[in-house]
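The values are calculated or read from the model by the stated rules, or taken from the named source; none is laboratory data. The structure displayed is predicted, hence computed values, not measured ones. FYI the Cβ positions are ideal-geometry reconstructions off the backbone, even for glycines, and counts take in every protein chain you see.
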Amino acid sequence: MARKATEHPDYHFIKVVMTNGTEYQTRSTYGKEGDTLNLDIDPNTHPAWTGGTQQLLDRGGRVSRFNSRFGGLGLGGKK
């Protein structure tokens, strides 16, 4: 079965600007040819990539309640 030309997304070159101002060209379906994508979060700054620490917010005691109920189930964890 042949595909229609309209079934494929428009795949073109865009410019990506990182949070530190670094720019690079990539192909994407974002926007149109030549558009610029300015990132608010990128691998240079986000804790998921940089290994930064994250704080858990204990709203309504949920984290404390979870830890008191299930804290002892971990393998080799705190007892």
* Structure fact -> Residue set GLY34, GLY61, GLY51, GLY76; condition at positive phi and either touching a strand residue (DSSP E or B) at 6+ places or on another chain (Cβ under 7 Å) or modelled with pLDDT of 90 or more (or both); output residue GLY34
* Give the residues of the range 5-23 that are in a loop (DSSP other than H, G, I, E, B) and among the aromatic types (Phe, Trp, Tyr), sorted by residue number. => TYR11
